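The values are calculated or read from the model by the stated rules, or taken from the named source; none is laboratory data. Since this is a predicted model, take the numbers as computed values, not measurements. Cβ atoms come from the backbone with ideal geometry, glycine included; neighbour counts cover every protein chain shown. Ligands, DNA and RNA are stripped out before the accessible areas are found, and what is left, the full protein with its side chains, is counted by its heavy atoms. Shrake-Rupley method; radii C 1.70, N 1.55, O 1.52, S 1.80 Å.
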Amino acid sequence: MSKRVLIIGATGRTGHLLAEQALGRGLGVSALVRRPEALGELQSRLSAVQGDVLDPAAVSRAVAGHDAVLCALGPGRGSPPTLCSEGTRNLLSAMEAQGVRRLVCITGALIGHPREHLGWLYRRMRSALGAAIQDRQLQEQLILRSGLDWTLVRPPRLDNGPARGSWRVGEDISLGAMAHINRADLASFMLQQLDNPTLIRRGVAIAY
């Protein structure tokens, strides 16, 4: 049987690529979405679980029967200020209750990458956006404190170019002002972690 993965945030640009690539790898793919029609042509190719990540019952229903969760949750226009932390709290509770251990989650270089490895632009942005990233910081803290087999992925600026197939990854890589990663490669890296035990319980940055 193919591995079954649940994608949180599949209607976003990175989450959409995650779903496409997971399907291309022959995985069984489900997505928790408020509006299944927002998946576009993917709706007919995966299992859409209609619900809100802020609804614990919907999250529990979505998590059931999966081997791993890929989380690309991110705020959109009109999202509540605690979307990422509260949604992740519900996700962690559901995974722990149902014995689904593997979690690969995107946060961001501004959230958890060591300050000394950030270039001046990212250091300035972290200072300027202090209040705006509190929700993301709490999201990371919740994951770090969980007993799951998690991997935190902390990209810098995201672009929409084609996949290159190569990147830098590490807990201490330097991220200068021009650091970026294309969403297609970010999605590919996340999927690779499903079969890679070396980054379990580690948070890494990824960039070209």
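Could you list, in sequence order, all residues of segment 159-199 that are of a type outside the set (D, E, K, R) and in contact (Cβ under 8 Å) with a residue 60 or more places away in the chain?
ASN160, LEU175, ALA179, ALA184, LEU186, ALA187, SER188, MET190, LEU191, GLN193, LEU194
Name the one entry in ASN196, ASN182, ASN160 that is among the polar types (S, T, N, Q) and more than 19 Å from VAL104 (Cα to Cα).
On the way: ASN196 fails: more than 19 Å from VAL104 (Cα to Cα); ASN182 fails: more than 19 Å from VAL104 (Cα to Cα).
Criteria check complete, one pass: ASN160.
Please indicate, with yes or no, whether at least one residue in segment 183-200 is at negative phi, outside any helix (DSSP H, G or I) and surrounded by 14 or more Cβ atoms within 10 Å (Cβ to Cβ).
Quick first cut of segment 183-200, residues at negative phi only: 183-200.
Going one step further and asking which of them are outside any helix (DSSP H, G or I), we end up with 196, 200.
Of the ones still in play, those that are also surrounded by 14 or more Cβ atoms within 10 Å (Cβ to Cβ) are 200.
Within segment 183-200, one or more residues are at negative phi, outside any helix (DSSP H, G or I) and surrounded by 14 or more Cβ atoms within 10 Å (Cβ to Cβ).
Run down ARG201, ARG145, ARG183, ARG164 and say which single residue is under 25 Å from ALA97 (Cβ atoms), touching an Asp or Glu at 6+ places or on another chain (Cβ under 8 Å) and basic (Lys, Arg). So that I can check it myself, show each step before the final result.
Values: ARG145 fails: touching an Asp or Glu at 6+ places or on another chain (Cβ under 8 Å); ARG183 fails: under 25 Å from ALA97 (Cβ atoms); ARG164 fails: under 25 Å from ALA97 (Cβ atoms).
One residue alone meets the criteria, ARG201.
Please give the strands (runs of 3 or more DSSP E) falling wholly within segment 1-73 in which 3 or more residues are among the hydroxyl-bearing types (Ser, Thr, Tyr), free of Cβ contacts under 8 Å to residues at least 40 places away in the same chain and more than 25 Å from ASP159 (Cα to Cα). Steps first, please.
Details: elements: 4-8, 28-33, 47-50, 68-71.
Strands (runs of 3 or more DSSP E) meeting the threshold: none at all.
Which one is surrounded by the most Cβ atoms within 10 Å (Cβ to Cβ) among residues in segment 166-176 that are hydrophobic (A, V, I, L, M, F, W, C) and in contact with a Phe, Trp or Tyr (Cβ under 8 Å, 6 or more places away or on another chain)? If you could, list the steps in order and put the result at the bottom.
Step one: of segment 166-176, the residues hydrophobic (A, V, I, L, M, F, W, C) are 167, 169, 173, 175.
Add one more test, that the residue is in contact with a Phe, Trp or Tyr (Cβ under 8 Å, 6 or more places away or on another chain), and what stays is 167, 169, 175.
On the way: TRP167: 18, VAL169: 15, LEU175: 25.
The residue in question is LEU175.
From the list VAL100, VAL153, VAL169, pick out the single residue that is at pLDDT 95 or above, in a strand (DSSP E or B), of a type in the set (Val, Ile, Thr) and more than 15 Å from the chain's Cα centre (by Cα). Walk me through it before giving the result.
Values: VAL100 fails: in a strand (DSSP E or B); VAL153 fails: more than 15 Å from the chain's Cα centre (by Cα).
Being at pLDDT 95 or above, in a strand (DSSP E or B), of a type in the set (Val, Ile, Thr) and more than 15 Å from the chain's Cα centre (by Cα) holds for just one of VAL100, VAL153, VAL169, which is VAL169.
Only one of (1) of a type in the set (Gly, Ala, Ser); (2) at pLDDT below 95; (3) touching a Cys at 6+ places or on another chain (Cβ under 9 Å) fails for GLY78. Which number is that?
(3)
Just checking, how many residues over segment 140-165 are touching a helix residue (DSSP H, G or I) at 6+ places or on another chain (Cβ under 8 Å) and open to solvent by 70 Å² or more (accessible area, probe 1.4 Å)?
Within segment 140-165, residues that are touching a helix residue (DSSP H, G or I) at 6+ places or on another chain (Cβ under 8 Å) and open to solvent by 70 Å² or more (accessible area, probe 1.4 Å) number 3.
Testing TYR122 on (1) in a helix (DSSP H, G or I); (2) more than 28 Å from VAL100 (Cα to Cα); (3) open to solvent by 30 Å² or more (accessible area, probe 1.4 Å), one condition comes back false. Which one is that?
That leaves (3) as the condition not met.
Report yes if SER127 is open to solvent by 80 Å² or more (accessible area, probe 1.4 Å) and either among the hydroxyl-bearing types (Ser, Thr, Tyr) or under 13 Å from GLY108 (Cβ atoms) (or both), otherwise no.
Numbers: open to solvent by 80 Å² or more (accessible area, probe 1.4 Å): yes; either among the hydroxyl-bearing types (Ser, Thr, Tyr) or under 13 Å from GLY108 (Cβ atoms) (or both): yes.
In short, yes.
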